[in-house]
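All of the numbers you see were taken from the coordinates with simple rules; none came from a lab. As the structure is a computational prediction, the values presented were derived from the model and not from experiment. A quick note on method: Cβ atoms are made from the backbone with ideal geometry, for glycine too, and the neighbour counts reach across all protein chains shown.
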Amino acid sequence: MSRLIEDYALIGDTQTAALVCRDGTVDWLCLPRFDSHAVFASLLGTEEHGFWRIGPVPGEGARPRAADRRSYDGDSLILTSEWDEPGRGSVRVTDFMPPRDGAPQVIRIVEGLRGRVTMRSTLRMRFSYGHVVPWVHKVGDRTVAVAGPDSVWLDSATESHGEDLTTHAEFTVLEGQRVAFTLSWQPSHLEPPARPDPEGALEATAAFWRDWVDQCTYRGPYREAVIRSLITLKALTYAPTGGIVAAPTTSLPEDIGGVRNWDYRYTWLRDAAITLTSMLRTGYREEARAWRDWLLRAAAGDPENLQIMYGIAGERELGEAELDWLPGYENSAPVRVGNGAAHQLQLDVYGEVTEALYLGHMTGLARNDYASGLQLKLIEYLERHWDEPDEGIWEVRGPRRHFVHSKVMAWVAVDRTVKLIESGEADGPLERWQRLRDEIHRDVCEKGFDKERNTFTQSYGSRELDASLLLIPQMGFLPPDDKRVIGTIEAIQRELSTSDGFILRYPTDGEHTGVDGLPGDEGAFLACSFWMADDLTMIGRVDEARQLFEKLLSIRNDVGLLAEEWDPRLKRQVGNFPQAFSHVPLIDTALRLTAASGGSSS
C-alpha cells in the first residue's frame, strides 16, 4: 500500500537523493546519480521492487508503524526518527548521505535512548527500477549485491542473513548504544569501496550543512521556512556540474490514478534559472556561478537550438520510455523515465535564462564574456522567432499556441539585454532591440488582453485564464497599479481558485482532453499560489497575501517539504517531491512580504 507523498523526508549528498518514510523505510533511491536507475523503487510499485526498512520489531501480526517523532537535526539534511515502545524503551534512527568523497553512501545509525528495544533491518535490493534481482553474497564480513555494472555494499557490525531474496538483521539496542549500517555504491568492475566511518561521516555532514547555511543573508520572520527551502534546493543541485534537478523523483502523479506522471530528474532551464535567482537573493553566489558554467557548457556550440531541459551534466537526449513492470504510485500509470518534452519550443525559457544572467551581473557575479555573448545570441534567435506559437511554460502536449506568458518572457529577455547594453557591459544593436522590445509589448497588450473582462488571457484569441499571467507585474512588464494587472489578478482569483483558496494553473476538463492535450484533472499548482501572494503584496493587499502565504506554509509536511501540487479534494500533496518549483517561490514570497512589512531580508 502506498504511503502519502507527504509521509516522506529527503536525504541526499548533492549528487543523488533518497526518500525516507515515517516508518523508517527508504522507498526511493537512485545510484549513483539523480537520473540513474533506482535500486529502491517501491515508491512506484510494491516492496518487491526494492526497499530498506529499519525500525522496532512490530508485535506479532502487526505492521511496522510510523515514528512518534521525526525532524531534521537543526539546519541540515540529517534526518532523525524516534520511536517510543511501551514497556521496552525508546530508540532513534539517524539517516543521512554524506557529501561525496568517494563512493555514494546511505548511512543509518540506530541509537538506544532508553530501556531495551529490539530492532530489525530489512533490505531488499532490486536494480533497474525493481526489474533486476542482484546476486547477493558475502565478501568476508561485508554483504555485496551485484548486477551488471552496479554493486551495492552493506557494512555493519550487526550480523545479517539472506532469506526470500532479502537481507535481514535483528538486534537489540540498550540506552547509549549505537549501531550503524552503511550502504555504498561502486561500479561492479572496481575494487570494493573503502570501509565506511559512520560517526566521522556524521560529523562531517553536520559541519557541511552548518557552514553552508551560515552563508544565508535572510534574517526575516520566515527564516525557518526559507532555510529549509534553501537546503532542499541545494540538495537538488548536482555538485559536479552545477545542474539542478526539478525534483529527485519520477512519475509521482499530479492526478492520483491518472496519466499525468512525468520524470523530473533533469535540469529545466526555467526551474534552474529561478532557483538561481532565489539563491542570489539570499547570498549564494557560488551556486549561481556553477549554474552559469553548466549553462554555457550545455548550450556550447548550438545556442540557437536551446533546449528547455538537459541532463544534469548537460546531456541533450532524454528519450521518454515507460516501465510497464511498475504499477505506479497508487496505480497511477504509466511510470515514465526520460522526458519527451525536452525538444519542445518554449519561448519563455529565453526570458528566465536572461533574467538569471542579468541578475548575476547586477549582484556582482564575476563577468564572463562568453555568458554575455550567449545572451546576445539568444536575443538574435528571439528576434526571428518570438512571434511564433509554442508549447508554453506548462509544456502542453496539444497544439502550439501564442501563449501570453511566453510573449511576456520574450519581452523580459529583450528588456534585460537592452539594459545590459545600456550599462556598457555588452555590445549590441541597442536601438533595434529597443524597438523590438516595444513591438513585443504592444503585441501582447493588443492580442493577449480581453477588454470586455479586463484581464489578460492564456493565449491570443482565448478566453481561458492562466496563472502564469501573475508574473506580468513581477517581471516588470506592467506596473502593479495598472488596471489591467489588477483586473487579471482578480479574474484569476475568481476563476482559478480552489475551494481552499489555492490557485490552479489553468482549467482542466476531467475526462476530456484540454488545452494541455491530456485527460484528467490536477491539483492546485503551489508555485501559482505563491505567485498570487506576491501579486497581492505588490498591489497593497499585504494582509491577504500574508494569510495565503501562511496557509501555504501550513500544508508543508512535518519536515517542511512541498510537492508540486495540492489536491483540494483529497487534502494531500501530489506530484513529484520535493519540488524545486514550489520551494523557490516560497523563498521569493517570504522576501517580498518581509520587505513589504518594513523588515530587512539581510
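For the chain, excluding the exposed loop sites themselves (GluC sites (Glu not before Pro), DSSP loop, at most 11 other Cβ atoms within 10 Å), the longest remaining stretch covers 160-316.
Between Asp293 and Gln177, the modelled labels are 4.7 nm apart [label points 7 Å from Cα along Cα→Cβ]. Axis of helix 348-362 versus longest Cα principal axis of the chain: the two differ by about 90°, to the nearest ten degrees. For helix 404-422, report the angle its Cα long axis makes with the longest principal axis of the Cα atoms of the chain; keep it between 0 and 90° and round to the nearest 10°. Its long axis makes an angle of about 80 degrees. For the range 355-432, the Kirkwood estimate of the hydrodynamic radius, built from every pair of different alpha carbons, is 13.6 Å.
Full extension of the chain segment joining Glu464 with Val139 gains 110.7 nm, where the gain is 0.36 nm per residue of separation less the Cα-Cα distance.
In this structure the amide hydrogen of Leu113, modeled in the peptide plane, comes within under 5 Å of the amide hydrogens of Ser90, Val91, Arg92, Gly176, none closer than 5 places in sequence on its chain.
Taking the Cα centre of the range 215-596 as reference, the dipole from Cβ charges on Lys and Arg (+1) and Asp and Glu (-1) amounts to some 1000 debye. Other residues with beta-carbon under 15 Å from the beta-carbon of Ala41 carry, at +1 per Lys or Arg and -1 per Asp or Glu, a net charge of -3. For the chain, adding -39500 (n - 2.57) for each run of n ≥ 4 DSSP H residues and dividing by the number of residues yields -10000 deg cm²/dmol at 222 nm. Axis angle, to the nearest 10 degrees, between helix 580-596 and the longest C-alpha principal axis of the chain: 60 degrees. Dipole check for the range 355-437: with +1 at the C-beta of Lys and Arg, -1 at the C-beta of Asp and Glu, and the Cα centre as origin, the magnitude is about 180 Debye. The dipole here belongs to the range 101-145: it is taken about the Cα centre, uses +1 on the Cβ of Lys and Arg and -1 on the Cβ of Asp and Glu, and is about 280 debye. Among the trypsin sites (Lys or Arg not before Pro) within the range 377-438, those in coil by DSSP and having at most 16 neighbouring Cβ atoms inside 10 Å are Arg397, Arg400.
Measuring nothing but alpha carbons in the range 215-596 and taking Rh as the Kirkwood radius, the Rg to Rh ratio lands at 0.93.
Applying 1/(1 + (r/R0)^6) with r as the Cβ-Cβ distance of Gln474 and Asp369 and R0 = 22 angstrom yields a FRET efficiency of 0.15. With K and R counted +1 and D and E -1, the other residues having a Cβ less than 15 Å from that of Leu113 yield a net charge of 0.
Applying the Karplus relation 6.51 cos²θ - 1.76 cosθ + 1.60 with θ = phi - 60° to the range 106-123 yields 3J(HN,Hα) values of 10, 10, 10, 10, 9, 10, x, 9, 7, x, 9, 10, 8, 10, 9, 10, 10, 10 Hz, where x marks Gly and Pro.
Summing charges over neighbours of Ala595, with a neighbour being any other residue whose Cβ is under 13 Å away from its Cβ, gives +2 when K and R count +1 and D and E count -1.
Farthest toward the positive end of the dipole of the chain, out of Gly319, Ile308, Gly398, is the Cα of Ile308, where the dipole comes from beta carbon charges about the Cα centre.
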